[in-house]
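Some notes on the structure that comes next.
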Amino acid sequence: MKVTAVEPIESVSDVLCDVCGASTRVEGYGLQFGTLCASWGYGSAHDGERYEVHLCEPCFFMTLASLKRERMVNTMFSDGNEDLSNFGRVAHDDFFNDGGR
């Protein structure tokens, strides 16, 4: 026998950017945001701390540009010319998050 009931459920209706406060909802496409996260373990100065920062698209790429710049400065005098054009990118044209298949 099936027993049914209407029960309230909790769902995410929006994600706000933790930097600028803007909504990450793109009309017709849902929530579009990046996440910067860390979970620090035993031996680290921040042992037991976890972080999660949600970023809208402009703030994500502003943060990525800042990290690229920091990498460039830190490797400025090393041998070889490092290409940072794909810094951090792990996929391209992967519209369905399935590895591009």
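The values are calculated or read from the model by the stated rules, or taken from the named source; none is laboratory data. This is a predicted model, so every value here is computed, not measured. All Cβ positions, even for glycine, are placed from backbone atoms using ideal geometry, and neighbour counts span all protein chains on display. SASA here: full protein model, heavy atoms, side chains in, ligands and nucleic acids out. Shrake-Rupley method; radii C 1.70, N 1.55, O 1.52, S 1.80 Å.
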(message) Quick check: pseudo-label points 7 Å beyond the Cα along Cα→Cβ at Asn97 and Lys2, how many nm apart are they?
(response) 3.0 nm
(request) Quick one: angle between helix 57-74 and the longest Cα principal axis of the chain, in degrees between 0 and 90, rounded to 10, please. (result) 30 degrees
(message) Return the Rg/Rh ratio of the chain with Cα-based radii and a Kirkwood Rh.
(response) 1.12
(request) First compute the accessible area of segment 20-101 with a 1.4 Å probe, then give the percent of it belonging to carbon and sulfur atoms. (result) 54 percent
(request) Could you tell me whether segment 36-95 comes out rounded, prolate or oblate from its Cα gyration tensor? Rule is a ≥ b ≥ c as square roots of the eigenvalues, rounded for a/c under 1.5, then prolate if a/b exceeds b/c, otherwise oblate. (result) oblate
(request) Mind checking the full-extension length gain between Glu52 and Trp40? Use 0.36 nm per residue of separation minus the Cα-Cα distance, one decimal, nm. (result) 3.1 nm
(message) Apply the Karplus curve 6.51 cos²θ - 1.76 cosθ + 1.60, θ = phi - 60°, to the phi angles in segment 38-53 and return the couplings in whole Hz, x for Gly and Pro.
(response) 8, 9, 8, x, 3, x, 8, 5, 10, 3, x, 8, 10, 10, 8, 10
(request) Only loop residues by DSSP count here, and only those with at most 16 other Cβ atoms within 10 Å; note down the GluC sites (Glu not before Pro) in segment 51-87 that meet that. (result) Glu82
(message) Around Thr24, under 13 Å between beta carbons, what's the net of Lys plus Arg minus Asp minus Glu among the other residues?
(response) -3
(message) Amide H of Gln32 versus every other amide H placed in the peptide plane: which residues, excluding those fewer than 5 positions away on the same chain, fall under 5 Å?
(response) Arg25, Val26
